[in-house]
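Read the structure below first, then the notes.
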Amino acid sequence: MASNPSSSIPFLLSVILILVVGTNAGGIAIYWGQNGNEGTLAQTCATGKYAFVNIAFLPTFGNGQNPQINLAGHCDPTTNGCTRFSSEIQSCQSRGIKVMLSIGGGAGSYYLSSTDDARQVATYLWNNFLGGQSSSRPLGAAVLDGIDFDIEGGTTQHWDELASFLSQYSKQGKKVYLTAAPQCPFPDAYMGAALKTGLFDYVWVQFYNNPPCQYSSGNLVKYWNQWTTSIPATKFFLGLPASPNAAGSGFIPAADLTSKVLPAIKGSAKYGGVMLWSKYHDDQTGYSSSIKSSV
């Protein structure tokens, strides 16, 4: 039977609308920098797997300390050895990948002692990693896309002010993206106040090393919904270990993630994708390759 072209148009439009509304594709964010055997930054970005790369970490800053980057076995910052990553950062960005500097981490010496301290740290980050000027930029001339807050220690004070001071630099041209990696218990013990500011673009919640809210507890979706409805961020990512050895608990087998977990959370308008710790562990398991088409 011959089709009626005019009657097919509304049908095609409805199919397209269903596809657009029903598809909430996300990306994968990865942490890189804490294992010298995970390949270079350029190699990480060339895989085509990741939409965001968090360079980890700047674990020493605040309270008058001399800020110090630590990229494990990748380079020696005391001899300016990490400046060689400038061209690799630019290579990643040329692929459309956002490259962030992650401050804090699970082990470090960092906290903000006052509003002025927060302002000074923001100025340091702007001049040494973002669009400002400094004669001692640890990663060279490349301008990173923003700052990732992985605050797991220190005190609970002044992180909201640091976020505010950093966000103000967006007025000087290139946008400064702000991301955060809070723990899944709500609200986050350290970043609770800062996340309420609405200044954060992407929040990758760590659903691991926190048994009460991770997948094995049966409460993951409940906490996911609490995060996405209570915090005014642009997009949220499900933070997971990329292998069973990457964290004390919280690993989700790829088959369970793609068939059970992601279908339950992708309906959120704020779903952004999955964050993985870390590139080294992802290399060992191929986890991102197993889930990429479902994210």
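Between Ala72 and Thr155, what FRET efficiency comes out of the Förster formula 1/(1 + (r/R0)^6) with R0 = 22 Å and r the beta carbon distance, rounded to 0.05?
It comes to 0.30.
Straight-line reach from Lys196: which lysines have a Cα under 27 Å away, not including same-chain ones fewer than 8 places off?
Partners within reach: Lys98, Lys171, Lys174, Lys175, Lys222, Lys235, Lys266, Lys270.
Return P(r) of the stretch 107-187 (all Cα-Cα pairs; 10 Å bins starting at 0; whole %; ordered from short to long distances).
Values per bin, smallest distances first: 18, 48, 30, 4, 0.
Specify the inter-centroid distance of the stretch 47-112 and the stretch 172-251, based on alpha-carbon positions, in whole Å.
Spelled out, the Cα-based centre of one part sits 20 Å from the other.
Check which residues have an amide H placed less than 5 Å from Gln183's amide H, if you skip close sequence neighbours.
The answer is Ala189, Gln206.
Can you list residues from other chains, or at least 5 along the same chain, whose modelled amide H is less than 5 Å from the amide H of Ser249?
Counting only residues 5 or more places away or on other chains, the set is Asn209.
Can you work out the accessible area per residue across the stretch 48-185, with the rest of the protein chains kept in place, probe 1.4 Å, in square angstrom?
I get 38 Å² per residue for this part.
What length, rounded to one decimal in nm, is gained on full extension from Lys222 through to Asn80, with 0.36 nm per residue of separation minus their alpha-carbon distance?
46.5 nm
Taking 25 Å as R0, compute the FRET efficiency from the Cβ-Cβ separation of Asp256 and Arg95 and round it to 0.05. Can you show the working numbers first?
On the way: r = 30 Å, r/R0 = 1.21.
It comes to 0.25.
What is the percent carbon and sulfur in the accessible area of the chain, measuring with a 1.4 Å probe over the protein chains and ignoring ligands? Walk me through the numbers before you get to the answer.
Working: 6580 of 12570 Å².
C and S fraction of accessible area: 52 percent.
Through the Karplus equation 6.51 cos²θ - 1.76 cosθ + 1.60, θ set to phi - 60°, convert the phi angles of the stretch 184-197 into ³J(HN,Hα) values in whole Hz; use x for Gly and Pro.
Computed from phi, the couplings for the stretch 184-197 are 5, x, 9, x, 5, 4, 9, 9, x, 5, 5, 5, 6, 5 Hz.
Once you place label points 7 Å from the Cα toward the Cβ at Ala269 and Lys174, how far apart are they in nm?
3.1
The values are calculated or read from the model by the stated rules, or taken from the named source; none is laboratory data. The shown structure was predicted, so the numbers you read here are calculated from the model rather than taken from an experiment. Positions of Cβ are generated from backbone atoms using ideal geometry, with glycine treated the same way; all protein chains shown enter the neighbour counts. When the accessible area is computed, the model is the full protein with side chains, heavy atoms only, and any ligands, DNA or RNA have been set aside. Shrake-Rupley method; radii C 1.70, N 1.55, O 1.52, S 1.80 Å.
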